[in-house]
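S.K.: Can you read through this structure? Questions will come right after.
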Amino acid sequence: MTPMIVEHPLLQHKLSILRNKQTGTKEFRDLVGEIATLLCYEATRDLPMEEVEIETPITMAKTKVLAGRKLALVPILRAGMGMLDGMLTLLPAAKVGFIGLYRNEETLQPVEYFCKLPQDIAERDVLVLDPMLATGGSAIDAITQIKKHGAKRIKFIGLIAAPEGIEALHKAHPDVDIYLGAKDDHLNENGYIVPGLGDAGDRIYGTK
Ligand code: URA
């Protein structure tokens, strides 16, 4: 699947402010949440529905409600946490798992330092959150771990991706649909997305 780039004007406007290096921590954090909400709206378009009969003050009516598909949100630590509240705005009943990984500098193998997922994750639709899909390494490793816990329906949601990251993620996990705010130009020699927005974690939390 080619990634779904959400071209909505509100999202693209907010993304431009986010990219600006003059944007301060509070505004940056708020915008990451708002963009996550808009991405969530698109990524949940295919949730199954069922018909119910209700009584309005005027008459009986057949209307639709969500068919009870269970969801889990899994932010990749730490920048993915910045997207969590924005997603929960639309999905308040979702369960939340966390996954933290780093790369061993010598072996380049992913080391999972934290993983706490809902017990029934195998029965849930899982939305994996990370603002920046750069090389794709963290997303690939996180999704591999989540699949080991039995999850079968997984989507990845990010703000900005490099073409290299999209390709790597799609190659490793072709079954995972990818939702993004933008596909940027390339990765630079330091692993940053160009033009990107810098280090998302540092800008969300005001570190560095
Ligand atoms: N992670 C970030 O936060 N920014 C990038 O540009 C790449 C990876």
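S.K.: Keeping the other protein chains in place, figure out the carbon and sulfur percent of the accessible area of the chain, with a 1.4 Å probe. Intermediate values should be presented prior to the final figure.
M.R.: Details: 5930 of 11170 Å².
Answer for the chain is 53 percent, counting heavy atoms of protein chains only.
S.K.: Subtract the Cα-Cα distance of Tyr41 and Glu53 from 0.36 nm times their separation in residues, and report this length gain in nm to one decimal.
M.R.: 1.8 nm
S.K.: Something else about it: Rounded to the nearest 0.05, what FRET efficiency do Val111 and Glu167 give with R0 = 22 Å and r taken as the Cβ-Cβ distance? Could you check? The partial results should precede the final answer.
M.R.: Working: r = 24 Å, r/R0 = 1.09.
That pair, Val111 with Glu167, gives E of 0.35.
S.K.: Let me ask something else. Sorted by average packing, counted as other Cβ atoms within 10 angstrom per residue and highest first, what order do 80-91, 126-137 take? Show your work: numbers first, answer last.
M.R.: Values: 80-91: 20.3, 126-137: 24.8.
Packing order, densest peptide first, comes out as 126-137, 80-91.
S.K.: Give me the extension gain from Thr2 to Asn20: residue separation times 0.36 nm, minus the current Cα-Cα distance, reported in nm with one decimal. Let's see the in-between values first.
M.R.: Numbers: separation 18, 0.36 × 18 = 6.48 nm, distance 2.73 nm.
3.8 nm is the gain from fully extending Thr2 to Asn20.
S.K.: Do the sum for the chain: with -39,500 (n - 2.57) for every DSSP H run of n ≥ 4, divided by all residues, what is the mean residue ellipticity at 222 nm, to the nearest 500 deg cm²/dmol?
M.R.: Numbers: 6 runs with 68 residues, N = 208.
Value at 222 nm, helices only: -10000 deg cm²/dmol.
S.K.: Leaving out ligands and nucleic acids, and using a 1.4 Å probe, what accessible area per residue does the chain come to in Å²? Spell out each step's value before the answer.
M.R.: On the way: 11170 Å² over 208 residues.
It amounts to 54 Å² per residue over the chain.
S.K.: Excluding Glu123 itself, calculate the net charge of residues whose Cβ lies under 10 Å from the Cβ of Glu123, where each Lys or Arg counts +1 and each Asp or Glu counts -1.
M.R.: +3
S.K.: Taking 7 Å along the Cα-to-C-beta vector as the label spot, tell me the Lys64-His13 distance in nanometres, rounded to one decimal.
M.R.: Placing both labels 7 Å beyond Cα along the Cβ direction yields 2.8 nm.
The values are calculated or read from the model by the stated rules, or taken from the named source; none is laboratory data. Computed from a predicted model, the values in this text were never measured in an experiment. A quick note on method: Cβ atoms are made from the backbone with ideal geometry, for glycine too, and the neighbour counts reach across all protein chains shown. For the accessible areas, the whole protein counts, side chains as well, though only heavy atoms, and no ligand, DNA or RNA atoms are used. Shrake-Rupley method; radii C 1.70, N 1.55, O 1.52, S 1.80 Å.
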